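One structure is given here, and the rest of the page talks about it.
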Amino acid sequence: MSVGMSRPRETHAADVRADRGPDGESAPADGEGTGPAEDTVASGIDPDDFPDGLVIADRTGRVICFNAAAARITAVPGAAALGRPLEHVLPLEDLKGRRWWALTDPYGGLATRVGQPERNLLLPGGREVLVAARYVREYPTGPVRRLVISLRGTEARRRTERSHAELIAIVAHELRSPLTSVKGFTATLLAKWERFTDDQKRLMLETVDADANRVTRLIAELLDISRIDSGRLELRRQPVDLSAAVERHVQALTASGQAPDRFLVRTRQPLPAVWADPDKVDQVLGNLLENAVRHGEGTVTIEVAPAPAKSDEKGTAVTVSDEGPGIPEESMGRVFTRFWRGSKRGGTGLGLYIVKGIVEAHGGTITVGRGPGGGAEFRFILPVGAPAYLK
């Protein structure tokens, strides 16, 4: 339902006339300006184009604009809303059951008020809705000429709250195990130091060190998520040799016990000189290779080759694939979301979300698919970029 300026009827934004009020009276004289509904029409914008609910009441408190989103959110037909008193169309209550319009009194309250901040209110039946209001006055501290209300559903906020709650639960779970281990071994060593041999002490301290590294890695992941979500991920660009970085990671994995013949590295020269943050690139490579080793099977193939990046810019592509069962087709759209886990072999489910954030912060892209050997295949492309001092 779109804007109407007379008695309740089926109408469209284009039907609004700036020279008539809701009861057929003359519109405000020069100096008062046009109302938000008229401004919207004059600018060629249909109120139904707004993603949020838009409700506008005139100086008498009667509804003169009730867009399609407002009708959807409140389940009140637009034709039934236009021309009626605002408090009847939107009988809002706060979470304590108090009538909101009587409580805020926009037309008769303090003349210095300019609006109401967004807050959770209740529609009839107990449905929650996010409501914000702006008072359009004829002049500062003057009477209210228009009351503009925005309405939003609470679904997006609830999804965010659930995501935060899930993050807290996972972090608590992931921290509990290593901290319990650290506490147990250190308490045992302090209490019975003389009873253990040097080999036993070394084993306990190595376990403590590994668990401390696990906690440190988790904290680093949380900081990365915070920076990615807020757009504050800092990049210290330097020339990066992606082929050498891949070889270094493979050597580290073989040194930690993986069979050398499990890895196949292919490099196609010449590679363009990529300017990137070497630490962040190491984080991306480490996560993808660790995933391939932990969740995949057979040979892990890493291919480094020149490739076009976005906007036909030159870049380097790195493809990591394995010969395991792969990722189910129905799950590929969720691989780079928070908390996605390909198996029950541990992990926080945050690594690939961070990988995507790092690659995109470099202006690159990352995709997932099925490799030639049937397993998962991750491919990311980093553009050539530019040094930090040229940014």
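Quick rundown of the values:
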| item | result |
| --- | --- |
| D_trans [Stokes-Einstein, Kirkwood Rh over alpha-carbon pairs] for region 85-127, 37 °C, 0.692 mPa s, µm² s⁻¹ | 293 µm²/s |
| Full-extension gain in nm, residue 119 to residue 367, via 0.36 nm per residue minus C-alpha separation | 85.4 nm |
| Region 87-168 - percent relative contact order, Cα under 8 Å, separation 6 or more | 22 percent |
| Nearest-10 value in Å² for the accessible area of residue 88, using the 1.4 Å probe | 110 Å² |
| Approximate spin-label separation residue 256-residue 197, in nm, with each point projected 7 Å along Cα-to-Cβ | 2.9 nm |
| Linear extension gain, residue 268 paired with residue 155, 0.36 nm per residue minus alpha-carbon span | 35.9 nm |
| Charge dipole (debye, nearest 20) of region 63-193; +1 at Cβ of Lys and Arg, -1 at Cβ of Asp and Glu | 120 debye |
| Ellipsoid equivalent to region 210-347 - semi-axes via the Cα gyration tensor, in Å | 23, 21, 17 |
| Relative contact order of region 223-356, defined on C-alpha pairs under 8 angstrom at six or more residues apart (%) | 23 percent |
| Average accessible surface area per residue within region 254-386, 1.4 Å rolling probe, Å² | 46 Å² |
| Residue order for 249, 164 - accessible surface, 1.4 angstrom probe, largest first | 164, 249 |
| Residues with amide H under 5 Å from that of residue 376, placed H, sequence gap 5 or more | 322, 324, 326, 327, 371 |
| Förster radius 35 Å - calculated FRET efficiency between residue 334 and residue 112, Cβ distance, rounded to 0.05 | 0.10 |
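The values are calculated or read from the model by the stated rules, or taken from the named source; none is laboratory data. The model shown is predicted, which means the values in this text are computed figures rather than measured ones. Note: ideal-geometry Cβ built from the backbone for every residue, glycine included; neighbour counts use all protein chains shown. Accessible surface areas use protein heavy atoms only, side chains included; no ligands, DNA or RNA. Shrake-Rupley method; radii C 1.70, N 1.55, O 1.52, S 1.80 Å.
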